[in-house]
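Just below is one structure, and these are the notes that go with it.
The values are calculated or read from the model by the stated rules, or taken from the named source; none is laboratory data. As the structure is a prediction and not an experimental result, all values here were calculated from the model. Here the Cβ is made from the backbone with ideal geometry for all residues, glycine too, and neighbour counts use every protein chain on show.
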Amino acid sequence: MERRSFFKGLLASGLVLPLLPKAGRAGGDPVELLADDLQKFPTSDPSFWQRVRSEFQMRDGVVHMNNGSIGASPRVVTDSILQALTKLEADPYHNTWGGLGAGMEDVRQHAADFIGADLNEVSLVRNCTEGMNNIASGLDLEPGDEILTTNHEHGGGMSCWQYLRQYRGIKVNYLKMPNPVQDKAQLLRVIEQHLTPRTRVASFMHVDTITGLQMPMADIAAITRPRDILLVCDGAQTPGMLDIDVRALGVDAFASSSHKWLLAPKGTGLLYIRKQVQDRIHPLSLMKGYTAYSGSGGTRDVAGILGHGTAIDFHNAIGKARIEARCRQLSMRVREHLRQIPRLRLLTPEQEELSSGMVTFAVDGVKNSEVHKKLWEDYGIAAKVAQGTYVYTEVAAQLGENYNCLRFSTHIYNDESQVDRLAEALATILA
């Protein structure tokens, strides 16, 4: 049964909680109704984004600007999970491996389409960390082979390489990220200088979890592919924030956490492995060979995966390009407002091609944790404390830098008034 058919059946049965104005509910798919509503407004009309924001369930007074850590699912996603669970538990045997469960392949196809991949290149995982570990564990590497990464990687994207270093004798080289990054040419030059004849894998985050820098993956691929170096991308931050196409990025493998910017259920993610390199990254399960990457060989969270598919539909209803533009628009507003506060220093690159929906400022003269605490306790603003070299890794001692910074992630459930509220709060706290 396809997910849309299931949803329509529940609507007709009267089991669905009200999602939209009463006039639009009878027998309609909530995602399709949202898309129809949005056609009434140009994207530049504030009513467009007000309509989108009405789909979220944020408590009054909460300004969530830490989407880089965790997203807030829209009501259509949480309702789809509850409805699937209700139906699943009414007939668990038939709905786990048939019925509802059969819809998981439909979700996998939706996910592949969403990131520009083929079905046989994509699997559904629980998060980016699991995806990165699947990649690393499947590689045929020999002692002395080298992996190039950076000192800004998230612990979830770096721990897999540390494991290979500790237990399989693989050498991990850490590139110290320039700060600030002057331009793309500087970044590419530094990367190329750190490649050696023994480099087998280059592993980089798509968006820097500390500074919000967007790595120029396609340009990096132009350096690594002629050298037969596998390019692995920690894409935890980008699906749902940027209008990505993994083929255009040129990466060989890409892992992501859908519970961030894609606003999918917690514990959902994507793994892409380019078909041309699948013989170099072995699957962890031997049950069906490489097709085991589909995750179809064991019991899964059916409701969560179906909710994952609903989140993709939600994004498609709004438009990936529109969402990216909105994230950038709000991020730029954060940048413009906060740069006027004397004790804040921008760490995120200015160039659009190197920036993203996350913006980071270093705080001078006071601990970032104190500012972070005041933002939440006094103003209801959730942000992210970021130190510098990621605290989960031992390279903090080798290449450590403490930027004493705060990271702000703006998504489609934020608006201009919340950015203004953030600026006013920081100006008061840092006065």
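Look at (1) surrounded by fewer than 22 Cβ atoms within 10 Å (Cβ to Cβ); (2) within 18 Å of the chain's Cα centre (by Cα) and you find that Pro143 fails only one, number (2).
When you go through Arg345, Arg322 one by one, which is the residue that is basic (Lys, Arg), assigned to a strand (DSSP E or B), touching a residue at least 12 places away in the same chain (Cβ under 8 Å) and over 16 Å from Val419 (Cβ atoms)? I'd like the intermediate steps shown before the answer.
Values: Arg322 fails: assigned to a strand (DSSP E or B).
Of Arg345, Arg322, the one residue that is basic (Lys, Arg), assigned to a strand (DSSP E or B), touching a residue at least 12 places away in the same chain (Cβ under 8 Å) and over 16 Å from Val419 (Cβ atoms) is Arg345.
Of the residues making up segment 97-116, at least one is at pLDDT 95 or above, among the small types (Gly, Ala, Ser), touching a Lys or Arg at 6+ places or on another chain (Cβ under 7 Å) and farther than 29 Å from Leu406 by Cα. Restricting attention to segment 146-164 and to residues that are touching a helix residue (DSSP H, G or I) at 6+ places or on another chain (Cβ under 8 Å) and among the hydroxyl-bearing types (Ser, Thr, Tyr), the residue that is surrounded by the most Cβ atoms within 10 Å (Cβ to Cβ) turns out to be Thr149.
Within the group Thr96, Thr149, which residue is part of a strand (DSSP E or B) and of a type in the set (Ser, Thr, Tyr)? Steps first, answer last, please.
On the way: Thr96 fails: part of a strand (DSSP E or B).
That would be Thr149, the only listed residue that is part of a strand (DSSP E or B) and of a type in the set (Ser, Thr, Tyr).
Name every residue in segment 33-59 that is assigned to a loop (DSSP other than H, G, I, E, B) and either over 25 Å from the mean Cα position of the chain (by Cα) or among the hydroxyl-bearing types (Ser, Thr, Tyr) (or both), in order of residue number. Even if it seems obvious, please write down each step before you answer.
Just the residues of segment 33-59 that are assigned to a loop (DSSP other than H, G, I, E, B), to begin with: 39-45, 54-59.
Selection gives Gln39, Lys40, Phe41, Pro42, Thr43, Ser44, Asp45, Ser54.
State which residue is surrounded by the fewest Cβ atoms within 10 Å (Cβ to Cβ) when the search covers only segment 399-428 and only residues that are among the acidic types (Asp, Glu) and outside any helix (DSSP H, G or I). Only one residue fits best here, namely Glu401. Scanning segment 147-161 for residues that are touching a Gly at 6+ places or on another chain (Cβ under 9 Å) and more than 20 Å from Ser256 (Cβ to Cβ) turns up just one, Asn151.
Every residue, every condition in (1) surrounded by fewer than 23 Cβ atoms within 10 Å (Cβ to Cβ); (2) in contact with a strand residue (DSSP E or B) (Cβ under 8 Å, 6 or more places away or on another chain), yes or no:
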residue: Glu32; (1), (2): yes, no
residue: Lys40; (1), (2): yes, no
residue: Ser44; (1), (2): yes, no
residue: Trp49; (1), (2): no, no
residue: Phe56; (1), (2): yes, no
residue: Gly61; (1), (2): yes, no
residue: Gly68; (1), (2): no, yes
residue: Asp79; (1), (2): yes, no
residue: Ala84; (1), (2): no, no
